[in-house]
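Reviewing the structure listed below.
The values are calculated or read from the model by the stated rules, or taken from the named source; none is laboratory data. Everything quoted here is computed from the prediction, not taken from an experiment. Glycine also receives a Cβ, built like all others from the backbone with ideal geometry; neighbour counts cover every protein chain displayed. These area figures cover heavy atoms from the full protein model, side chains too; ligands, DNA and RNA do not enter into them. Shrake-Rupley method; radii C 1.70, N 1.55, O 1.52, S 1.80 Å.
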Amino acid sequence: MGDSNVIFNKCMNENKRYAECFNMAVGRKIIVPEELYDMDKVFAGQRLDRQGTYEKRRDCIKAYGSQAVCAIIGIENQAEIHSAMVLRSFIYDAYSYDKQLNMIRKRHRENKDLKGAEYIAGFSGKDRIIPVITVCVYYGDEPWEAPTRLHELMDFNYFPETEREFVKQLVNDYRLIVLDVKHMKEDMLEGMETDLQYLFGILQHSHDRKEMEAYIQSNQNELQNIDEDIYNAIAVMTNTDILDNVICKSRKSEGGIDMCKAFEEMIAEGMEKGRIEEQKCSIQKLIITLREIGADEALIRDKVMLRYQLSSADAMEAMQIS
């Protein structure tokens with residue numbers, strides 16, 4: 001089905017989900033989906049020492065604005081706690097600012113509209129850059145306890161105690177915004193307006209299959225026709241082993257997936273797999289026992305065929321494995 005990060009990124013790229021995820025992370029409705037626009041996820045450029053190039057890829061990044069772009073909003077997805085995520089996010093934002101600076105410089109070179117010190121800098125006193133905001137969407141089991149401030153990664157203890165607070169004020173801090181999916185409060189989850197609500201809800205109950213089944217049943221009306229990308233994300237991110245035929249059986253005529261039916265199919269698939277594995281184990285034990293008492297291979301084949309209703313070819317294949 002694919003890597004969970006890739007599947008989740010595909011879900012998040014839909015503007016309504018993107019906007020809601022960001023708004024929940026910051027605790028306020030700031031952006032609307034109609035004013036979000038896709039951007040290139042790859043940042044590439046030449047190193048400052050001119051020795052080679054760099055390339056970084058964001059999980060998700062979009063421009064935001066109506067009349068003009070007023071912000072660049074990035075979302076980074078984490079399945080596990082990243083102790084240096086605040087620094088990683090800070091670097092991504094810096095690359096975004098560097099890319100803007102290079103674009104401004106390029107525009108001035110093409111227009112040939114700068115002189116003197118501004119020409120050297122490639123940046124005029126009237127130029128402005130667009131603010132960058134990054135949110136980390138974390139869906140791991142343990143609560144996020146990694147640093148969310150750049151200062152938390154820094155050691156100020158080598159400065160005299162009387163000077164530490166002053167030095168801290170000299171060093172720019174950076175805040176990491178984290179949305180801890182599996183530890184969201186229930187009222188926050190129920191207040192969501194997109195189908196991310198059900199992805200996040202199922203993730204919160206994914207540690208216990210019975211709890212997950214109860215959640216699906218309690219939301220069966222909403223889950224009877226969900227988008228396939230949300231369904232795929234649920235399957236991959238909950239480590240549920242599903243097959244293509246499960247999706248086919250659960251697909252609605254209007255194009256969505258019936259999650260309730262799909263869950264029943266997944267349970268049935270699991271039970272069938274368990275039955276097959278149990279039968280294989282039983283067959284192997286019978287073959288080993290018969291061989292230990294010196295039974296002829298032809299007799300063993302016949303016994304396996306008779307007891308387990310197998311064809312001659314299937315019985316022979318089982319004997320070769322043993």
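Which of the lysines could a cross-linker bridge to Lys303, judged by Cα under 18 Å and excluding same-chain residues fewer than eight apart?
Output for Lys303: Lys280, Lys285.
Let me cross-check Met212: its accessible surface, 1.4 Å probe, with only protein heavy atoms counted, in Å² to the nearest 10?
Roll a 1.4 Å probe over it and Met212 shows about 10 Å².
Report, by chain and number, residues whose modeled amide H sits under 5 Å from the one on Asp227, excluding near sequence neighbours (fewer than 5 apart, same chain).
For Asp227, the qualifying residues are Ile257.
Got a sec to turn the phi values of region 137-148 into Karplus ³J(HN,Hα) couplings, 6.51 cos²θ - 1.76 cosθ + 1.60 with θ = phi - 60°, whole Hz, x for Gly and Pro?
Values, residue by residue: 9, 10, 10, x, 6, 7, x, 6, 10, 6, x, 10 Hz.
Using modelled amide H (1.01 Å from N, peptide plane; none on Pro or chain starts), what sits under 5 Å from the amide H of Cys136, excluding residues fewer than 5 places away?
Glu76, Ile177, Val178, Leu179
What length, rounded to one decimal in nm, is gained on full extension from Met103 through to Glu80, with 0.36 nm per residue of separation minus their alpha-carbon distance?
4.8 nm
For region 1-150, what is the per residue volume of the convex hull drawn over the alpha-carbon atoms, in cubic angstrom?
So the per-residue hull volume is 161 Å³.
Taking amide H positions as placed in the peptide plane 1.01 Å from N, state which residues far from Ile61 in sequence (5 or more) or on other chains have amide H under 5 Å from it.
Amide H neighbours of Ile61, under 5 Å, 5+ apart: Met39, Ile75.
Please report Rg (one decimal) and Dmax (integer) in Å for the Cα set of region 85-158.
18.3, 56
Listed here are the pairs Lys29/Lys56; Lys99/Lys126; Lys56/Lys112; Lys10/Lys62; Lys185/Lys210; Lys62/Lys99; which of them are more than 22 Å apart at the Cα? All intermediate terms of the calculation are to be shown ahead of the outcome.
Numbers: Lys29/Lys56 29 Å; Lys99/Lys126 18 Å; Lys56/Lys112 30 Å; Lys10/Lys62 13 Å; Lys185/Lys210 20 Å; Lys62/Lys99 14 Å.
As for pairs spanning more than 22 Å Cα to Cα, those are Lys29/Lys56; Lys56/Lys112.
Expressed in nm to one decimal, what extension gain is obtained for the pair Gln217 and Ala94 from 0.36 nm per residue of sequence separation less their Cα-Cα distance?
Numbers: separation 123, 0.36 × 123 = 44.28 nm, distance 4.54 nm.
Contour length minus the Cα-Cα distance gives 39.7 nm.
When only DSSP loop residues count, what chymotrypsin sites (Phe, Trp or Tyr not before Pro) in region 79-177 have their Cβ near at most 12 other Cβ atoms within 10 Å?
Taking region 79-177 and a limit of 12 other Cβ atoms within 10 Å, the loop chymotrypsin sites (Phe, Trp or Tyr not before Pro) found are Tyr158.
For region 174-190, take each phi angle, set θ = phi - 60°, evaluate the Karplus expression 6.51 cos²θ - 1.76 cosθ + 1.60, and give the result in whole Hz per residue in order, putting x for glycine and proline.
9, 9, 9, 8, 10, 9, 8, 4, 6, 10, 5, 6, 4, 5, 5, 5, 5
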